[in-house]
Amino acid sequence: MTSVKDVAQLAGVSLMTVSRALNSPEKLSPETLLRVRRAIDELQFVPSLSARKMRGDNLQSRTIGVFALDTATTPFAVELLLSIEQTAQQAGWNVFILNLLSNPPTDQNIDLMLSHRPDGLIFSAMGFRQVSIPERLKSKPLVLANCLADDSSLVSYVPDDEMGQYRAVHHALSLGYQRPLCINLPKQSLAWGLRQKGLQRACQAFGLAPDTLLQYDLSDHDAYSETAAILDRHVVDGRPQFDILICGNDRIAFCAYQLLLGRGLKIPDDVAVLGYDNMIGIAELFIPPLTTVQLPYYDIGRQAARHLIETLELSGPQRVDCPLVVRTSL
């Protein structure tokens, strides 16, 4: 690996001169600065931020290290990483992102991250889930984003799925719908229990007994076939036995749209549809556009970054609001 010493030897200057070229170029003559820059270009030298921090240089530059479990490879959660970077930049901080292919992270993953000497860590995940945090990381300033750990004392910024579902269903029932059919996420999903609480609260507010609702929990396998079978059971002679379909996510809603429209039913005239997630680039393409709930990836990332930058004194789960996005499927 090319070092400052290599640059100095090629340029024929001292180590201090190379340091000045990197940090205080105005202190060098144009000729000397040009000679050092040519040596840097020829050797393709990249200054080490972590090494500079170890020596005490540039103390104002601080870094957030981000473990990205599936986050960096999925279009629907990229806003989480974007918001972390933007929030950090606004505060003069840097961001180092390490994409994880498995959880828990390997020792090699952890070594690589810690070699950058981050001032704080964010562990992010695509899909609200339980994760394993190695003990080596728990001694660092650490925030979880869109995930929970076994250690409930760790601060985590997560979607407020209970309130999001409550608000959406309450809005739908306030429009006069009275016979919902619910096609839920798989029961083992971390969000399932929270959304069930929100659903039940909204139904009770309108006098609908939760135990009388038509509800089905999907498996992790073939959502399209399962959704088709459920709709076949409850669309009799071309007439739906429900007036609103409450979907566990926008993917289920997408399947349902095709199936309902294929049976000649009109949305929302014959049956309304409610989604969840507000999938980027997808939800607004439904015809008619889908009413759904926004998963707050951007706000989760922003609040997680602010937690580290501002050294907030919090612990445990911090619920982030999931706004209702009203369109015309209701």
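The numbers here are math on the coordinates, done by the rules we state, and not lab data. Just so you know, these numbers come straight off a predicted model, no measurement behind them. Cβ atoms come from the backbone with ideal geometry, glycine included; neighbour counts cover every protein chain shown.
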Output the 0 to 90 degree angle, nearest 10, between the alpha-carbon long axis of helix 250-262 and the longest principal axis computed from the alpha carbons of the chain. 40
So how do W93, W192 line up by other beta-carbon neighbours within 10 Å, fewest first? W192, W93
Cβ-Cβ FRET estimate between S3 and S219, R0 fixed at 56 Å, reported to 0.05: 0.50
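Indicate the gyration tensor shape class of the range 82-163 (rounded, prolate or oblate), computed on the Cα atoms with a ≥ b ≥ c the square roots of the eigenvalues: a/c under 1.5 is rounded; otherwise a/b larger than b/c is prolate and the rest oblate. Please report the intermediate quantities before stating the final value.
Numbers: a/c = 1.66, a/b = 1.10, b/c = 1.51.
Taking the square roots of the gyration eigenvalues as a ≥ b ≥ c, the range 82-163 is oblate.
Of the DSSP beta bridges with both residues in the chain, give the percent that are antiparallel, rounding to the nearest 5. Don't skip to the answer; put the middle values down first.
Details: 4 of 44 bridges.
Within the chain, antiparallel bridges account for around 10 percent of the total.
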Using the Cα centre of the chain as the reference point, and only Cβ charges (+1 on K/R, -1 on D/E), how large is the resulting charge dipole? Debye, rounded to the nearest 20. 840
Using the C-alpha atoms of the range 96-135, what convex hull volume per residue, in cubic angstrom, is computed? 82
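With a 10 Å radius around each residue's Cβ, average the other Cβ atoms per peptide and rank 273-281, 253-261, highest first.
Numbers: 273-281: 22.2, 253-261: 19.9.
Final packing ranking: 273-281, 253-261.
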Acute angle (nearest 10 degrees) that the helix 190-205 long axis makes with the longest principal axis of the chain, alpha-carbon atoms: 40
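Taking the inverse of the average 1/r across all pairs of different Cα atoms in the range 172-330, what Kirkwood radius in Å do you get?
Numbers: mean 1/r = 0.0595 Å⁻¹.
By the Kirkwood definition, the hydrodynamic radius is 16.8 Å.
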For the range 136-149, Karplus couplings with θ = phi - 60° (6.51, -1.76, 1.60), whole Hz, Gly/Pro x: 4, 8, 5, 7, 9, x, 9, 10, 9, 10, 6, 7, 10, 10
In Å, the C-alpha Rg and Dmax of the range 111-199 are 17.7, 58
Pull up all non-local amide H partners of R62: gap of 5 or more, or a different chain, and H-to-H distance under 5 Å with H placed in the peptide plane. N94
Using the Kirkwood formula over every pair of different C-alpha atoms, what hydrodynamic radius in Å results for the range 195-288? 14.2
The chain: Kirkwood hydrodynamic radius (Cα pairs, Å) comes out at 22.8
Provide the descending list of Cα extents for the range 76-234 along its principal axes, expressed in whole angstroms. 57, 33, 26
